[in-house]
Structure formats: structure tokens, C-alpha cells
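Notes follow the structure.
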Amino acid sequence: DWNSANVIEEQVERIRTQVGSSRVIAGLSGGVDSAVAAALVHKAVGDQLTCVFVDHGLLRADERKQVEEDYVASTGVRLVTVDAREQFLDALADVSDPEQKRKIIGREFIRTFESAAEALVLEARASDGDAEVKFLVQGTLYPDVVESGGGSGTANIKSHHNVGGLPDDMTFELVEPLRTLFKDEVRAVGRELGLPEVIVGRQPFPGPGLGIRIVGEVTAERLEILRAADAIARAELTAAGLDDEIWQCPVVLLADVRSVGVQGDGRTYGHPIVLRPVSSEDAMTADWTRLPYDVLAKISNRITNEVRDVNRVVLDVTSKPPGTIEWE
Ligand code: XMP
């Protein structure tokens, strides 16, 4: 019989056997898989684990705080946050093409994570002999294992992110405590471990974050606008009790589009925000969620009243296919 307490006990035992007295690094993304994987490893080996969280500036409102405060408070993990917001903005300057954005964000992410990992490796070596960092935690789930043919073992950070070789001495053995689990089981384990509900219950959010939800160039100002609109949409959907009905709801800023509006004393020439609520089983296909009109009205009113430079809210009523869930 499946039971999250048993899974935890079993995994803790396995992790201890695998890791021994070595040190371990885990990357946190703010999402559920990395959070639960790291929490299991921490339960098993405590401060032999260091978590690294890269703030690339493409996160939603409060996500950094949820990791730095709520997650750390509930787990006690040792956390290193790397503030890479400027680096990512610089790298994304003048880029509008979606695949180009993904490439740049992926590349900068690896660079950043790699230097953080390197610093930890050097720190461990300097401290003393058997403090070697040998392991990297990965939140691989059972469906990923099946999809990729079941292999496991060693990896360096780059090859995991499909980018190419890293120096030989930066190869890590993988710790993958979620390899036998499905997503809902991972959430159950996370709840049993006492992780914050905002993380354990989080809907899917793409790695490139808000960077692929700004149609046009990514700038600090546009990120601020989108973050404010997204926070309102999420708060209202949650307040209306719709989280279970919705797979995810991308909120998209059409930064290169302007339309005329009338707000307060006069004419405005602002940007539209798109709401893209979808219902899905696995993100391979999706249907647009029939949200109640009063919820849509509330979101629209609040966004146009509270978010500067936005004078129009539109609803995406396209299923997947033909539309993808994300706009980019
Ligand atoms: P699409 O837009 O392809 O999205 O229908 C399917 C699911 O994948 C997520 N998504 C991504 N996740 N990196 C990610 O980690 C990406 O580049 C990416 N693009 C899309 C999307 O949010 C949805 O859940």
C-alpha cells in the first residue's frame, strides 16, 4: 500500500547509504519537485546538503521569499541565494525571439549555478578531506525516467541541462529520490514533510519564467507590470476556489502591442494583458477553462485599475492544439 510516510522512510535510508559522509548540492527552482527532493535529502543527511537558489529576476511575485523564508523555515536547509537579476536582464537585452530567450536563459542559468557549485566545491576542499562535494540532487519523477529510457548515474550540471561539457572535476553523482513517484505522490510527500502549501500546491511554471510571458523584449519595467498583473490574477483565481479546476493560468504581457483606452481623466495608450487559463491532464493537450464571468470581471477590473500601463485585459479561448499553453 502506498503511503507517503513509508516512502520518506525508505528514501531517507537510501539517500544515507548512497551519500555517506560526502556533501551534496541541490538547486531549488521554487517549484514542487526540487523542493521535495531537497527536503528528503536534508532529512537524510542534514547540513551535508547545501541548496542553491538562482534568482534570475523572471520569478513571480513572492516566489523568492517563499523559498528563502517559508521553505527554509519549514526544512532548516542551508541555502545560498544567487542574485543574478541584472546578469539575466543584460543578457536578454534586445531579444524578442522566444527560442533565443530560452537559449539565453538556459545558458545564464547554468553559468550561474555552475559558479555557485564551484564555490561550494572549493569551500569543501578547503575545509578538510572527506568533505568532498560528490552529489547533485535532481527532482526526476517517474514519468521522466520512463520517457528517457530509465538511465541514471552521473552527470555534470551542463549535460543535465543539455549544453555540453564541464571541467572533469565538476562531475557529480545524481541523487534522485523522486524517481519512483508521480506528481501527486510528490505533493503528498511534500505535505507529509511539512513544506509550505504555496510550494507543494504550485501549478506548473516554466523554467524560463516570466521571460517567455512578455511578448517582446524583456525589461525590468515590463517584468514589474507583468508580475503585478499575474499576482492579481492568481489571487482572484485562488479566492474563487478555482485552483483545482485550472491546470495553470499563464498571464501574458503583449509588450509590443498598444491600444487606446480611456482611464481616469483621459485617453491612454497602454498594453493588453492576456489571461490563458487552461484545463489539462498532462499539458500535452489542453482546453481553455470556462471561468465564471464574475471572476473574469473582477480580475479585469483590478488589473486595469491597479497596474500601470495596462488598459485592456483579454481572454485566450484557444485549445491546445492548435495553441500551445504558453504564448512563446
Ligand atoms: P506549451 O506552451 O508547450 O507548454 O503548451 C506545455 C507545458 O510546458 C511548460 N513549458 C515549459 N517548461 N521550460 C519549462 O520548464 C520551457 O521552456 C517551457 N515552455 C513551456 C508550460 O508552462 C506548460 O506547463
**Request:** Select from the range 9-46 the residues that are within 26 Å of S127 (Cβ to Cβ), among the polar types (S, T, N, Q) and part of a helix (DSSP H, G or I) and list them in ascending order.
**Result:** T17, Q18, S34
**Request:** Consider G190 carefully, then state whether it is under 14 Å from A35 (Cα atoms), at pLDDT 95 or above, assigned by TED's automatic domain parsing to the domain that holds E69 and loosely packed, with under 15 Cβ neighbours inside 10 Å.
**Result:** no
**Verdict on F135 being closer than 14 Å to V218 by Cα, surrounded by 17 or more Cβ atoms within 10 Å (Cβ to Cβ) and in contact (Cβ under 8 Å) with a residue 24 or more places away in the chain** = no
**Message:** So if I check each of G20, G27, which one is in contact with a helix residue (DSSP H, G or I) (Cβ under 8 Å, 6 or more places away or on another chain) and of a type outside the set (D, E)?
**Reply:** G27
**Message:** Quick test for you: out of E245, E236, pick the one residue that is away from the ligand (no atom under 15 Å from the Cβ), surrounded by fewer than 15 Cβ atoms within 10 Å (Cβ to Cβ) and either assigned by TED's automatic domain parsing to the domain that holds A297 or acidic (D, E) (or both).
**Reply:** E245
**Request:** Go through the range 96-127 residue by residue and tally those that are crowded, with 17+ Cβ neighbours inside 10 Å and within 16 Å of the ligand (Cβ to nearest atom).
**Result:** 7
**Request:** Would you point out the residue of the range 281-318, among those that are within 16 Å of the ligand (Cβ to nearest atom) and in contact (Cβ under 8 Å) with a residue 40 or more places away in the chain, that is surrounded by the most Cβ atoms within 10 Å (Cβ to Cβ)?
**Result:** T289
**Meets criteria (without any contact (Cβ under 8 Å) to a residue 12 or more places away in the chain and surrounded by fewer than 17 Cβ atoms within 10 Å (Cβ to Cβ)) for E86** = no
**Complete:** All conditions in (1) of a type outside the set (S, T, N, Q); (2) at pLDDT below 95; (3) within 16 Å of the ligand (Cβ to nearest atom) are true of G266 except (3)
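For every residue, the table says whether it meets (1) surrounded by 13 or more Cβ atoms within 10 Å (Cβ to Cβ); (2) farther than 30 Å from A5 by Cβ; (3) at pLDDT 90 or above.
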site	(1), (2), (3)
G129	no, yes, no
Y142	yes, no, yes
S159	yes, yes, no
E173	yes, no, yes
E185	yes, no, yes
**Fill in**
Per the filter on the range 33-83, residues among the basic types (K, R) and in contact (Cβ under 8 Å) with a residue 24 or more places away in the chain are K43, R60, R64, R78
**Asked** Restricting attention to the range 168-204, and to residues there that are in contact with a strand residue (DSSP E or B) (Cβ under 7 Å, 6 or more places away or on another chain) and not in a helix (DSSP H, G or I), which single residue is nearest to the ligand (Cβ to nearest atom)?
**Response** P204
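The values are calculated or read from the model by the stated rules, or taken from the named source; none is laboratory data. On a predicted model such as this, the values are computed, not experimentally measured, just so you know. Ideal geometry is used to build each Cβ from the backbone, glycine not excepted, and the neighbour counts take in all protein chains shown.
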